[in-house]
Every structure is written in structure tokens, then in C-alpha cells.
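The block underneath contains the structure these notes are about, expressed in C-alpha cells.
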Amino acid sequence: MVQEKDAVAIQVPAGEQKKTDDKKTQKDKKKDKDKKEELSEEDQQKKEELELLVQRAQDPDNGVAKLALETMVSELKSSTSSMTSVPKPLKFLRPHYPALTEHYAKLPDSDLKRFFADILSILSTTMQKEGSRSSLKYRLQGTKAGLTSWGHEYIRNISGEIAEEFRERSEKGQDVKELIDLVDEIVPFNMKHNAEVDAIDLLCEVDRAQLIQEICEEPSFQRTCLYLQGLANFAATPTDKALYLKVACSLYTKYKEYPNALRMAFKLNDPKLVQEIFSTCEDRLVQKQMAYMISRRKFSLDFEDDDELKEIASGEQLSKHFIVLAKELDVLEPKLPEQIYKSHLEEKRSTAVLDSAKQNLASSFVNAFVNAGFCKDELMTVQDSKWVYKNKDMGMMSTVGSLGALLLWGIDEGLTQIDKYQWSSDPHLKAGALLAFGLVTTGVKNECDPAWALLGEQLEAEDPLLRLSAVVGLGYAYAGSCREDLLENLTPMIVDTACTIETSAMASVSLGLIFVSSCNDEVAQAILQTLIERQAVEGALSGTWPHFFAVGLGLLYLGQQDACEATLAALDAITHPLGKYAKITVESMAFAHSGDVLHVQKMLHACVEHLDEAEAMHQAVAVLGIGMIAMGEEIGTEMALRSLDHILQYGELPLRRAVPIALAMMHLSNPKVTVIDTLSKLSHDADQDVAMGAIISMGLIGAGTNNARLAGLMRQLAAYYAKDSNALFMVRIAQGLLYMGKGLLTINPFFSDRFLLDPIAMGSLTVLTHAVLHLKNTILGKSHYMLFNIVPAMRPRWLVTLDEDLKEIKVPVRVGAAVDTTGQAGRPKQITGFQTRTTPVLLNYNDRAELATEEYLPVATVMEDFIILRKNPNYKPQAASS
């Protein structure tokens, strides 16, 4: 009993205690509240003054009310506040806001009422209900004067309300003139006060973006243009995107920054605009700089009789400068494939006797990639070389073709060296020579037009092999040239069923490369016609090659977005599974690098169905499409990586096979550690196609980077696959790509500060990725020449500085990681973590360079590729003592 009492005795006070605690905390809270409400004398006085003004403002006598309102205005304007707190007068007026709005509603229409409305508009910025747009409502009912005298916060607030109101009125078809009048007052104010970003946002919201070029002044035009370029990436429609870029282009032209205007014209893919910029520019040095930019973009422009510019834009000087760079960096010595494989470092498990011809063929490719552009090697260009004869049949063709890569850009020397194979009695050697002629001239224009002279006549050759290699060679040589005579000669070969299916398919790919991104209707019609005709013949669309008709069709619309609508509609007529493949191929290429989320979702949607392997080929292209649409943009790429990760975990086999190539497309010559790890895991996958796709993808992401981590992984793979001749062949090719051009080349199609896309590089890489999807029948079969599609994408990753006479000069430059400064205040640094080096220098994917001397001024702002420097007239050399 006693214990029970104890228990009760303990419980009761516990409850009491709780109540007293509650009372205490309530008291404390009250005390705190009182403390908070205790204002300093000064504040208390201010509060009373304002309360008096509120009463006076509601006085029936207009004179008294007006004086009270004027005093209130001066109080509001003179008050200061910190960034985080509301100004005191606004805070004290908050409780009186409802009373003031009620009084305003009762006032008769008069000047006083309009003045009252102005003040209510200010008070509404902090007191209105969300979405009521009271601030704008009272502003429109007010005096319409002194809008900009209330400062930035008020203007930013009212700009947001104008945008919402404008959208609502436009949908209902109501008049928006009074809103536009406000915009016309706000925008010049913003531009004057370094708030270009706010001004542009407001103009874009009210569909008046073209007004920017009238209001923008010289001091702020660069920031304005930079922001417009950033906006263009996120524009809602292609029309908006084009408008923002055109405005930026006309601003650059207005302030005579022609090289930047040219970048905008390239982004718009508009030949007329390019021509216009050239004719507007009168500075000869700037014209030369722009000719170098045209050479980099491989753009077709008619310079009429200007031979000097013609020569610069032709790209003929590439080879000469490349050899100088190699000397400078001391990598001129040719490398043998064995020096790349470093077989002595591989863990030897057993010495398997493999197909030597296949390994020799791999060495031919590795030799071509590693010594690309150096014009000499130890296998092919040596006196009395017998290397060709260590290969078999089609292997001989690819080995001779590899000369084209070795002698890349060196037309005069190259054609002489390849010529001897042209007269061989062996058709394989002859076909290889035709391939090599095409490869040597890729990306270089020549007055004499040697490629057509040598390859044109072979289009009618008896031997189908010669016709095939002539077609492929012409595709490499004239990629992006849009030449009508080639259209007439190659179109019949697409439709002609007397040609082998491989020749017809490659003719459509070559025409796709020649007319890349041009939306050429005649080529599209020819490819569509042959697909519809072949559909009627049983089995004519089965097999590997018909898929390449779709690739040729897609190339025509590369990056052209909605221009492919009509073609997609026409493809509905094809009921064969190839029809789906073609539709997704065309769509993924048309939206490549657009970052369009809706189209990524479309591609993911295509991956959802569970189909038999034979019918699921279009899903593999959809996976590839995800990578192509998202590439070139950081956030989009990260999101795509996550989607691809899901596909790897839950997807069917055909989907998984495409994942490594999609990863490679997003990180070409840009080996990120996370991607290397993913591909390394996949290279040991149970499915052989996934593993081999991953191996070549490792080569593509590391192309030309000499990445040590990848090199180590590839040596392990070479030992792991020592007994599997196909997988070992792929490992060797990947090793060749990794050391491509001895680390001086890149295959990334983005250039000019990752702002522009080289359609020829992108197009030829896309052909390669589709060949990898059909690995067994293309690269591992007899059509390994498809690997040469990587050659048009090769480009030195350099910065070469030239003086005014176009001779190379050495100047110090800072090279560091690029920093995005769009829309940032002040003049932030463009690069971070830099090192100072002397030109010529190599740039990685994320690098940016800037001059480290004031002695010269660059003619173009983006320091990449060839840059002409002019002497700085204001430069004063520092005294030696300092």
C-alpha cells in the first residue's frame, strides 16, 4: 500500500510541474514579445509620425491630404535599409495598408487620387496578396510619372508583374499598350544602371527582344550579347533562339566585333549572314581572322577573287603548322604500334596464336591514328614498304586507305605518295588508294579539285569494290561542301538496284555528309524513294546496310530541329521495322545538341516497350539519341547520365548495347573519371557486344588525350582478351585512338569556347556510332573502313598565335579551366587555376586561354585555333630595373 501511495505521490506533482512549466514558458514568450515590440525612442517617434500621416492622408480636405502624402513619399524615399530587412517606414505602414486601400476606393477621380495610387503601388510591393498584381494595378491607375525614382527593388517587382499581366492579356487578346509604355520607361533605366539582365528578361517576356539593339550602349553591349547567347540555349522555341542570336549578331556588327558576329552567324547556320558580315567588315586583318574561323568551321563561302582569303579558308596551311607544333613539342618521331601497345607491360597469361592478318590490320589502323597528320611513319611511308602485303583482301584496302590519315591535310605530298597504289593490278590496293585520296583532302579545299579528278571516273568502274571506295572517298573529301555536281553523280547510285546494297547505302551516307545540315530536298527524296521501293521487294530491307540509308537521311537534318517534320511524315509510309529506325535516327540527329527535354523524353518513351531482339534496333538508336540531344551542355549531360544508368540496370540487351556509345558521344575526347569507371565495368560485360562497344567507347572518350588511367585499363583488357581475336582487335583500335596524333588531336566536335558545333565532325562520328551498333557486320566484318569516319572529326587541339604577316609568333598565354561569367556583376575572371605557357599550346576540352602580355591585342576574343595578334599601340615596355 505504501508503495502505491508513493507511486501516486510521485505522479501528481509531475503533472503540476508540467502546468507550471507551461505557464512559465508562456510568460517568457510574452516578455520576449514585449521586448521585441519595445522600439527605440527614435523608431517610436517615427512610427507615431507615420500614423499621424496616415490619418491626415484620409482627411476630407484635399490640401491636408496632399501634404500628408508628399511627406509620406519623402519618408519612404529617404529611408535606408540593409539588404535583408524591410525599410522602417514600410514596416510601420503595413498595419494601415487595408485602411488606405479602402479610403482610396472611396475617393472621387482626381489628381489626388492618382497621386495616392502611386503610393499604394509602392506599399503593395511588400503588402499585397501573392498573385494579386496590386502594385501594377495601382501604378496604371496612378500619375504615370516618376516610376524609376523608387529604386531597383520596386522596378524588379513591377517587371515581374508586367510579364504576368502581359501573358494574360495576350492570351485574351486584350490591349497591352499601357504595359509597353511602362516597359519603355523601365528598360532604359535598367540598361543605364548595369541591370542589363533584368532589361533583357523583361523585353523577352513582352516579345520585344529586337528592341535591345536600339537601347544597348557600347559599354554594356558585351555583357548584353553574352547573356543573349546564354538565353538562346534555353529559348522556348527555335524562333526565339534564332531571334536572340540575330540580335546578338547585329549588336556585335554595330560595335565592329566582327569575329563574334561571325560566331553567331555560324550558330544560325546562315550563309547569307556570313557573307553580309564579311562585306561589312573593312579591316583587312579582321577579314583574315574570320577566314581562319571559316576554315575551322569548314564553311563553304565564295570569296570571289580574293585569293589571300581563299587560301586561308581552304585550310591548306594546316599540315605545315601541325608539323611545326610537333617539332615544338618534340613529338615528330614516328611511333610504331608496339610502342603504343606496350605489350611488355601486359600480364602475360598464355601466348595464344591469333589470326595474324587481323592483328596486322589493327596495327595498320593504330599506326594511322597515332601518326595522323605527321606525314611519316615506320610502316607505310618508308622506302619499299611491304607492310600492305601482310594483310588480306579488304585488310589491304584499309591499310592503303590508312595512308590518307597519315598524310592528313598534306595534299601535295600525300597525293604523290598514294599515287603508286592507284595503278596496282590488285583491286583491293586500288580501292584503298581511292579511300586514301578522299581522306587526305578531308577538311581542306584545293583549287585543282584533285579528289574529284581522281575519284569521279571510278564511279562507273566495273569492279563494285572500286565504286564503293570511290563513293566513300568522295564523302570524306567533300563533306559539308554542298556541291551540286556530286548530287547528280551520286543520287542515281542510291536508287540503282544494280549496285550492291552496301554501295547504295554508302552513297546515301556520303551525300548526307556532303550536304550535312543543309536539309537538301533532292537527296532526301532519293533516299525516301529507294526505301519505299525496296520495301516492296521481300528481304531488300533486311540486313545491316539498309540502316545506313536512314543515317544518310539523318545527316541532312543534323541540328536543324523542326526542319525534319516533312521527312518524318514521309517515313510513316514504311511499315518495315526499318521505318521506326529511320524516324528515330532522323529525329535524334535533327535535335542533336539542342538539349530539348521533350525529345529526350520521347527517346526514353521509345525504350519502354519490350520487343524481340530483331525488332528492337530502333530502341538502340533511341538510347544513342538521348546522348546526342543532351551532349555539349553540362546539366543536360548529367541528367542523361542518370537516365542511361537506369537503362543499364533495367533495360533489355539491345538497349544496353547502345549505352556505352551514348556515353562516348557525350564525352568525346573528354575522359571523366566516372564515365571511365562505368565503361571499364562494361568492358567485362557478359554480353560480347556490350563489352566491345564499351572498349571502343573508352577509345573515343580518351581520343587524343594520352590519358594514363585509360592506358592502364586498356593494357589490362588486352591481357584479359588475349585469346579473343575480335575483342583484342577492338582493344588495339581503342589504344590507337587514345594516343591519336600523339596527343595533339581531338575529335570533339565543339569549338569556339564550346559554343559552336562542327557539323562535319559530328556527322562523321554519328556514322561511326551507327557502325558500332552493327559491330559484327561492319567493323568486325569486312567493312572496317568505317573506322576512317573518325578522320574528318580529327582536329589539332591547339592555340597558334600569328603576327600581322601570318607568321607564327611566340607569346605568353594563361591556360586554365573556363569559368562561365554570363550575367555576373563586374568583370569576373574568365579562367581559374591557370598556368602561363608560351604559344603554341594545347587546350583540353574545358580549357580557355587568354593573353598574358599587353604587347599584343588579339583580333578575335575567343583564343582558340589560329589567332592573329596586332601590336598594341599604347604598349610601353617596362624598364629592365623594374
Item to complete: Compute the length gained on full extension between Asp521 and Ala357: take 0.36 nm times their separation in residues and subtract their Cα-Cα distance, giving the result in nm to one decimal.
Response: 54.7 nm
Item to complete: With a Förster radius of 30 Å, plug the Cβ-Cβ distance of Tyr875 and Glu304 into 1/(1 + (r/R0)^6) and report the FRET value to the nearest 0.05.
Response: 0.25
Worksheet, complete the sentence: Expressed in nanometres to one decimal, the distance between label points 7 Å along Cα→Cβ at Glu638 and Asp805 is 5.1 nm
Worksheet item: List the GluC sites (Glu not before Pro) in segment 781-862 that DSSP assigns to loop (not H, G, I, E or B) and whose Cβ has at most 12 other Cβ atoms within 10 Å. Which are they?
Response: Glu854
Worksheet item: Taking only the alpha carbons of segment 552-647, what extent do you get along each of the three principal axes, in Å, biggest first?
Response: 37, 32, 19
Fill in: Probe 1.4 Å, protein heavy atoms only - accessible area per residue of the chain in square angstrom
45 Å²
Worksheet item: Using unit Cβ charges (K, R positive; D, E negative) and no other charged atoms, how large, in debye to the nearest 20, is the dipole of the chain about its Cα centre?
Response: 2660 debye
Worksheet item: In 10 Å bins starting at 0, how do the alpha-carbon pair distances of segment 593-683 split up by percent?
Response: 18, 54, 26, 2
Practice prompt. Quick one: pull the percent of accessible area on segment 750-808 belonging to carbon and sulfur, 1.4 Å probe, ligands and nucleic acids left out.
Written response: 43 percent
Worksheet item: By average Cβ neighbour count within 10 Å, what is the ranking of 267-275, 170-178, 660-668 from highest down?
Response: 660-668, 267-275, 170-178
Practice prompt. Mind scanning Lys320/Lys807; Lys430/Lys782; Lys298/Lys782 and naming the pairs with a C-alpha gap bigger than 21 Å?
Written response: Lys298/Lys782
Worksheet entry | Cα→Cβ-extended label distance, 7 Å offset, between Val673 and Glu338, nm | 3.6 nm
Practice prompt. Would you please give the FRET efficiency between Glu460 and Asp426, computed as 1/(1 + (r/R0)^6) with r the Cβ-Cβ distance and R0 = 25 Å, to the nearest 0.05?
Written response: 0.80
Discussion item. Using a 10 angstrom Cβ neighbour count of at most 13 plus a DSSP loop assignment to flag exposed chymotrypsin sites (Phe, Trp or Tyr not before Pro), which longest range of the chain is free of such sites?
Written reply: 424-874
Worksheet, complete the sentence: Links exceeding 18 Å between C-alpha atoms in this model, out of Lys66/Lys113; Lys46/Lys137; Lys246/Lys267; Lys177/Lys241; Lys47/Lys144, come to Lys46/Lys137; Lys177/Lys241; Lys47/Lys144
Discussion item. Compute the orientation-averaged projected area for segment 167-289 from the convex hull of its Cα atoms and round it to one decimal in nm².
Written reply: 8.3 nm²
Practice prompt. Hand me the GluC sites (Glu not before Pro) from segment 438-498 located in a DSSP loop with no more than 11 other Cβ atoms within 10 Å, in residue order please.
Written response: Glu447, Glu462
Discussion item. Let me check I've understood the local charge: for Leu558, count other residues with C-beta under 13 angstrom from its C-beta, Lys and Arg +1, Asp and Glu -1. What total comes out?
Written reply: -2
Worksheet entry | Translational diffusion coefficient (Stokes-Einstein; Kirkwood radius from C-alpha pairs) of segment 258-306 at 10 °C, 1.306 mPa s, in µm²/s | 149 µm²/s
Worksheet item: Based on the alpha carbon coordinates of segment 423-569, what radius of gyration and maximum Cα-Cα distance (Dmax) apply, in Å?
Response: 15.1, 49
Worksheet item: Around Ala235, with a cut-off of 14 angstrom between Cβ atoms, what is the net charge of the other residues, counting Lys and Arg +1 and Asp and Glu -1?
Response: -4
Worksheet item: Where the accessible area of segment 519-613 is counted over protein heavy atoms with a 1.4 Å probe, how much of it, in %, is carbon and sulfur?
Response: 54 percent
Item to complete: Mind checking the full-extension length gain between Val64 and Ala105? Use 0.36 nm per residue of separation minus the Cα-Cα distance, one decimal, nm.
Response: 12.9 nm
Response to the item:
Charge dipole of the chain built from unit charges on the beta carbon (Lys, Arg +1; Asp, Glu -1), centred at mean Cα; most positive-end Cα among Thr585, Gln716, Val815 is Gln716
Response to the item:
For Arg870, other-chain or 5+-apart residues with amide H closer than 5 Å (H placed, Pro excluded) are Leu857, Val859
Fill in: Percent accessible area from carbon and sulfur atoms, segment 379-479, protein chains only, probe 1.4 Å
51 percent
Fill in: Solution diffusion estimate, µm²/s, Stokes-Einstein, the chain, Kirkwood Rh from C-alpha pairs, 25 °C, viscosity 0.890 mPa s
78 µm²/s
Practice prompt. Assuming R0 = 51 Å, can you tell me the calculated FRET efficiency for the pair Asp283 and Ala563, based on Cβ-Cβ distance, to the nearest 0.05?
Written response: 0.90
Worksheet item: Which distance in nm do the two modelled labels at Glu484 and Ala817 give, with both placed 7 Å along the Cα-to-Cβ direction?
Response: 5.2 nm
Practice prompt. Please work out the ratio of the alpha-carbon Rg of segment 207-268 to 2.2 N^0.38 Å and round it to two decimals.
Written response: 1.00
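The values are calculated or read from the model by the stated rules, or taken from the named source; none is laboratory data. In this text, all values refer to a predicted model and were calculated from it rather than measured experimentally. Please note: Cβ atoms are built from the backbone with ideal geometry, for glycine as well, and neighbour counts cover all protein chains shown. Quick note on the areas: whole protein, heavy atoms, side chains included, nothing else; ligands and nucleic acids left out. Shrake-Rupley method; radii C 1.70, N 1.55, O 1.52, S 1.80 Å.
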